[in-house]
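Reading through the structure tokens given below for one structure.
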Amino acid sequence: MEVVVLPNARAIGELAADAVASLLGTARTAVLGLATGSSPLAIYDELVRRQQAGLISFAHAKAFMLDEYVGLAPDHPQRYRNVIEREFTGRVDFAADAVHGPDGNAADIPAACAAYERAIAGAGGVDLQLLGIGSDGHVAFNEPGSSLVSRTRLKTLTAQTVADNARFFDGDPDAVPRHVLTQGLGTIVEARHLVLVATGQGKAEAVHQMVEGGVGALWPASILQFHPHATVLVDGPAASRLQLADYYRQTYAAKPKWQGL
Ligand code: GLP
């Protein structure tokens, strides 16, 4: 796992956007994995800027979202499908049918989850998966206790995640759905490159456990330790609990530029 400590969210956004841009620059259809939450916003803003400047294009790319709330009305502003369109995909030149997400309103949830897995596989898998991390160490909506080999399925949010996400529901925890659909940890780690971003002191313990703790279901993001190409981009506060922070800084400073991320 590579850990890069950067000065701020903007620098994180630029470096992650470089990785996306170099993927888009390859000849074949790029398959992006998209995360919601506040962490990737700086990446999306930078990608929008580059697309509008004519530097990159998503016209031939596909995208798969990580997760979705169950039971939110199709036009609910916090439905992740609407969030990602507002914050990213609707601001760039994705084709109309290129962005996919789990169907949180499906009548048959297990069938919808299985169909989503097939859709990802049918697209050839995810090339680059953007990830955030919850303060309790969840990735996507894989809460503590998740199977490390799980696939797309229904999950119940922890009280911590409900409290964390209430800020998107006018501060009202009762408005946050208890149930979600999420790619499993086994699904996520099949992406060829994982790029996880975290900022702020509130993520410091989760980042430490993910990178340096034992791999286990209590800190689901620790599964990244088993991935051959996982990149963790953090700011100083999010890196503040890392035991080997100095080593990560030295390593990145000495990294040959041709390696990219
Ligand atoms: C949410 C999302 C995750 C996200 C995490 C952190 O619940 N399901 O994909 O990474 O929590 O969110 P934020 O980036 O806003 O801190």
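Just for the Cα atoms in the chain, what are the lengths along the principal axes, largest first, rounded to whole Å?
Result for the chain: principal-axis Cα extents of 53, 40, 34 Å.
Take each of the peptides 153-159, 120-126, 90-96, average the number of other beta-carbon atoms within 10 Å over its residues, and list them starting from the highest.
Highest-to-lowest ranking by the protection proxy: 153-159, 120-126, 90-96.
If I take all pairs of Cα atoms in region 77-200, what percentage of them are more than 23 Å from each other?
33
How much FRET efficiency would the formula 1/(1 + (r/R0)^6) give for D170 and L41, where r is the Cβ-Cβ distance and R0 is 22 Å, rounded to 0.05?
Values: r = 19 Å, r/R0 = 0.88.
Rounded to the nearest 0.05, the efficiency is 0.70.
Take every Cα-Cα pair in region 1-49 and report what % of them are more than 14 Å apart.
Of all Cα-Cα distances in region 1-49, 56 percent exceed 14 Å.
Evaluate the distance, in nm, between pseudo-label points positioned 7 Å from the Cα of D18 and of K257 along their respective Cα→Cβ axes.
About 0.9 nm, to one decimal.
In region 2-255, what % of DSSP beta bridges are antiparallel (nearest 5)?
If I count the DSSP bridges inside region 2-255, around 30 percent turn out antiparallel.
With point charges of +1 on the Cβ of Lys and Arg and -1 on the Cβ of Asp and Glu, referenced to the Cα centre of region 115-159, which listed residue (Y116, L131, F141) lies farthest in the positive direction of the dipole?
Y116
Given the Cα atoms of region 203-260, and with Rh set as the inverse mean 1/r over their pairs in the Kirkwood sense, what is Rg to Rh to two decimals?
Here the Rg-to-Rh quotient is 0.99.
Please list 189-198, 107-116 highest first by mean number of surrounding beta-carbon atoms within 10 Å per residue.
With the highest mean Cβ count within 10 Å placed first, the list reads 189-198, 107-116.
Quickly estimate the mean residue ellipticity at 222 nm for the chain, helices only: each DSSP H run with n ≥ 4 gives -39500 (n - 2.57), and the total goes over all residues, rounded to 500. Provide the component values of the computation, followed by the final result.
Numbers: 8 runs with 79 residues, N = 261.
Rounded to the nearest 500, it is -9000 deg cm²/dmol.
Mind ranking 44-54, 216-226 by how tightly packed they are, going by the mean number of other C-beta atoms within 10 angstrom, highest first?
Averaged packing, sorted descending, gives the order 216-226, 44-54.
On average, how much accessible surface per residue is there in region 2-255, in Å², for a 1.4 Å probe, leaving out ligands, DNA and RNA?
Solvent-accessible surface per residue comes out at 42 Å².
Which values, in whole Å and largest first, are the semi-axes of the equivalent ellipsoid of region 62-103 obtained as the square root of 5 times each eigenvalue of the Cα gyration tensor?
For region 62-103, the ellipsoid semi-axes come out as 17, 11, 8 Å.
Restricted to Cα positions, what overall size does region 1-147 have along the principal axes? Three whole-Å values, descending.
42, 34, 29
Taking the convex hull of the alpha carbon atoms in region 144-186, what volume per residue do you get, in Å³?
Convex hull volume per residue, Cα atoms: 64 Å³.
Alpha carbon centre of region 222-261 versus region 137-155: separation in Å?
So the separation of the two Cα centres works out to 23 Å.
Run down the lysines and flag those whose C-alpha is under 30 Å from the C-alpha of K255, throwing out any fewer than 8 positions away in its chain.
K255 reaches K203.
Rounding to the nearest 20 debye, state how big the charge dipole of region 2-255 is about its Cα centre with +1 on each Lys and Arg Cβ and -1 on each Asp and Glu Cβ.
So the magnitude is around 420 debye.
Roughly how many percent of the accessible protein surface of region 1-40 is carbon and sulfur, given a 1.4 Å probe and a whole-percent answer?
On the way: 770 of 1550 Å².
Its accessible area is 49 percent carbon and sulfur atoms.
The values are calculated or read from the model by the stated rules, or taken from the named source; none is laboratory data. Here the structure is a predicted model, which is why all the values come from computation and not from measurement. All Cβ positions, glycine included, derive from the backbone under ideal geometry; neighbour counts span all protein chains shown. The protein model used for the area step is the full one, side chains on, heavy atoms only, and it has no ligands, DNA or RNA in it. Shrake-Rupley method; radii C 1.70, N 1.55, O 1.52, S 1.80 Å.
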